[in-house]
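The values are calculated or read from the model by the stated rules, or taken from the named source; none is laboratory data. Worth saying up front: this structure is predicted, and the values here are computed from it rather than measured. Using ideal geometry, Cβ is built from the backbone for each residue, glycine included, and neighbour counts are taken over all protein chains shown. Note: areas computed on protein heavy atoms with side chains; ligands, DNA, RNA excluded. Shrake-Rupley method; radii C 1.70, N 1.55, O 1.52, S 1.80 Å.
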Amino acid sequence: MKVLICISNVPDTTTKIRFNADNTAFDTAGIQWIINPWDELALTRALELKETTGDTIEKITVVAVGLKDAEPTLRKALAIGADDAVRIDAEPKDAFFVAEQLAQVAKDYDIILCGIEASDYNGSAVGGMLSEFLNIPSVSSVSKLNIENGDVKVNREIDGGSETLSTEVPFVAIVQKGIALEPRIPSMRGIMMARKKPLNVLPAVETEALTEFVSYELPPAKSACKIVDTENVKELVDLLHNEAKVI
Amino acid sequence: MSVLVYTENWDGKFKKLNFEQVSYASEIAKNINTSVVVVSIGNVEETELKKLGDYGAEKVISINEIKLNKLDNQAYTKVISQVAEKEKTTILVFANNYTGKAVAPRVSVKLKAGLVSGVTALPSNYEPFTVRKKVFTGKAFADVVIKSPVKGLTLAQNSFGLIETENKAQIEKFVPELSDEDFRTNVEDVKKITGKVLLNDAEIVVSGGRGMKGPENWGPLEELADVLGAAIACSRPVADEEWRPHEEHVGQTGKIIAPNLYFALGISGAIQHLGGVSSSKYIVAINKDNDAPIFEAADYGIIGDVHKILPELISAVKEMKAAEN
């Protein structure tokens with residue numbers, strides 16, 4: 001089986017968010033870019049499966065839609081252990097646009113993994129859209145992925161529990177926390193090898209975005225925290241009951 | 001034209017989030033002079049379906065097919081899209097929960113509808129159609145224009161109130177066209193958490209961090225949750241150390257929640273944690289470190305040892321509850 005992991009190139013999650021002067025674009029100056037955390041967990045799980053299921057998985061590919069500046073993030077995925085990488089040469093405009101771009105690569109894979117959302121625009125949409133473009137099954141909020149005797153088993157979280165499912169391949173698994181415990185860190189050897197692994201660049205297909213981010217705003221500053229004395233815990237309950245009226 | 005809402009049900013019952021969706025859709029429908037149609041999939045009794053009318057649903061389309069008892073993303077997509085086409089829908093409203101996130105993107109491709117997820121307010125403009133959502137995991141807001149004729153939204157939970165209206169709901173049965181080809185996933189086993197308040201539904205959440213010092217210290221935290229009728233959560237290190245199950249992890253890579261009240265107990269408040277809880281209406285922090293960033297996000301705080309404060313807090317809440325009755 002061939003496994004594809006769709007990767008978003010996102011600002012480090014500790015980034016202090018700033019916008020340009022007229023608040024119409026995200027200010028990327030000085031930003032450290034990383035693999036979207038859920039995509040990184042998906043890659044980790046794919047590598048675990050490749051190592052533990054004999055020769056079931058023949059290849060792990062990572063793909064991203066992005067301009068040249070997304071390549072260090074793909075190289076990092078190669079250093080972590082992906083076999084090859086594809087960059088689709090376009091600015092990722094919106095989920096619909098990105099999913100249609102990814103479809104041209106994903107059609108040749110058996111298991112396609114996408115993170116449940118990207119930590120920048122929090123769209124939660126690309127994986128589902130991609131599966132519909134390919135007209136193949138999708139399972140969302142996947143917290144476990146296993147291959148047993150060539151059959152795919154997944155767990156998905158539902159409101160108030162979890163379900164175990166089997167599915168046909170090809171399919172799209174939209175994964176969340178739990179799929180792998182800790183993301184892998186590239187080793188020195190991995191980083192050296194990543195330089196020699198193929199990173200292919202494909203032209204974008206002609207399509208349009210259906211949505212556009214037009215302006216941004218930072219949330220208003222929060223008023224100061226009211227500190228209650230340790231000796232007077234009862235006062236906290238009074239405040240929550242009488243002032244905030246939430247208990 | 002219509003505004004179409006997909007309302008999920010839980011064992012035949014709707015939740016507050018469904019009524020939020022319908023209230024939201026009704027306000028949009030008023031603005032564009034059309035009506036709200038709801039599609040419900042599953043075995044839901046007529047009295048329950050009728051409740052959606054209290055929030056402005058004029059037509060409730062009920063689809064009750066055994067094959068659709070378990071969520072199959074492809075089959076649900078086909079069914080909802082059929083209803084949308086039949087009802088000449090121009091705006092679709094989903095919930096921004098697991099099912100909404102699973103189905104809305106597929107429907108949006110099928111109907112070529114631009115999709116915005118996690119919308120927090122009514123459209124600020126209809127020409128062009130502009131909605132607001134949170135981005136960078138709660139660190140900022142963005143205004144997004146949907147350019148396609150058909151538009152898809154998922155509504156962030158607890159961000160829009162309930163608006164009651166005169167009930168004019170008509171219930172209609174619908175049998176969708178489906179073939180076996182449409183079902184390519186198979187649910188083999190279901191595990192339900194029972195007897196606990198669910199994190200996403202909870203009005204109050206009690207959450208513990210590394211300052212709790214170990215899984216053996218969760219007793220008082222659970223007791224506080226119990227007396228408040230709250231759900232239990234934890235920070236990422238706690239889930240990573242396996243002190244608590246990962247389903248309880250709130251934060252950037254865990255669950256994003258928006259309760260009325262959030263207790264952060266022994267949580268320092270790393271930026272990733274705040275991303276998951278900053279939509280809470282009120283935050284209470286208890287931490288022995290007065291420099292902990294959680295105090296910048298909190299409305300109320302106590303600087304001190306959480307292990308000493310918790311028992312006092314529990315008895316104070318009990319006293320208050322007793323005085324109430």
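Tabulated values for the structure
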{"read-out": "Among (1) more than 19 Å from the chain's Cα centre (by Cα); (2) farther than 24 Å from B:Asp11 by Cα; (3) not aliphatic (A, V, I, L, M) - the single one B:Asn167 does not satisfy", "value": "(2)"}
{"read-out": "Members of region B:86-97 that are open to solvent by 30 Å² or more (accessible area, probe 1.4 Å) and not polar (S, T, N, Q)", "value": "B:Lys86, B:Lys88"}
{"read-out": "Condition broken by B:Thr194, with the remaining ones in (1) surrounded by fewer than 16 Cβ atoms within 10 Å (Cβ to Cβ); (2) hydroxyl-bearing (Ser, Thr, Tyr); (3) within 20 Å of A:Lys177 (Cα to Cα) satisfied", "value": "(3)"}
{"read-out": "Residue count, region B:201-215 (criterion: assigned to a loop (DSSP other than H, G, I, E, B), under 17 Å from the mean Cα position of the chain (by Cα) and either closer than 21 Å to B:Gly269 by Cβ or among the basic types (Lys, Arg) (or both))", "value": "1"}
{"read-out": "The listed residue being within 13 Å of the chain's Cα centre (by Cα) and more than 14 Å from chain B (Cβ to nearest Cβ), out of A:Leu78, A:Leu43, A:Leu47", "value": "A:Leu43"}
{"read-out": "Some residue of region B:210-219 being on the phi > 0 side of the Ramachandran plot, within 13 Å of chain A (Cβ to nearest Cβ) and charged (D, E, K, R)", "value": "no"}
{"read-out": "Unmet requirement for A:Leu240, which otherwise passes all of (1) open to solvent by less than 20 Å² (accessible area, probe 1.4 Å); (2) facing chain B (nearest Cβ under 8 Å); (3) not in a helix (DSSP H, G or I)", "value": "(3)"}
{"read-out": "Segments classed as strands (runs of 3 or more DSSP E), wholly inside region A:1-116, with at least 2 members that are more than 29 Å from B:Tyr98 (Cα to Cα)", "value": "A:84-89"}
{"read-out": "Residue within region A:54-64 that is modelled with pLDDT of 95 or more, open to solvent by 10 Å² or more (accessible area, probe 1.4 Å) and within 16 Å of A:Pro198 (Cα to Cα) present", "value": "yes"}
{"read-out": "Sole exception among (1) more than 10 Å from chain B (Cβ to nearest Cβ); (2) hydrophobic (A, V, I, L, M, F, W, C); (3) more than 18 Å from A:Thr61 (Cα to Cα); (4) under 16 Å from the mean Cα position of the chain (by Cα) for A:Val205, by number", "value": "(4)"}
{"read-out": "Qualifying residues in region B:173-190 (those that are of a type outside the set (Val, Ile, Thr) and surrounded by 12 or more Cβ atoms within 10 Å (Cβ to Cβ)) - the one farthest from the other protein chains (Cβ to nearest Cβ)", "value": "B:Phe174"}
{"read-out": "Some residue of region B:315-322 being at the interface with chain A (Cβ under 9 Å from one of its Cβ atoms), part of a loop (DSSP other than H, G, I, E, B) and surrounded by fewer than 24 Cβ atoms within 10 Å (Cβ to Cβ)", "value": "no"}
{"read-out": "Criterion (closer than 30 Å to A:Asn155 by Cβ and not acidic (Asp, Glu)) met by exactly one of A:Ala180, A:Ala244, A:Ala224, A:Ala204", "value": "A:Ala180"}
{"read-out": "Those residues of region B:278-303 which are open to solvent by 10 Å² or more (accessible area, probe 1.4 Å), part of a loop (DSSP other than H, G, I, E, B) and within 8 Å of chain A (Cβ to nearest Cβ), in sequence order", "value": "B:Ser278, B:Lys281, B:Asp299"}
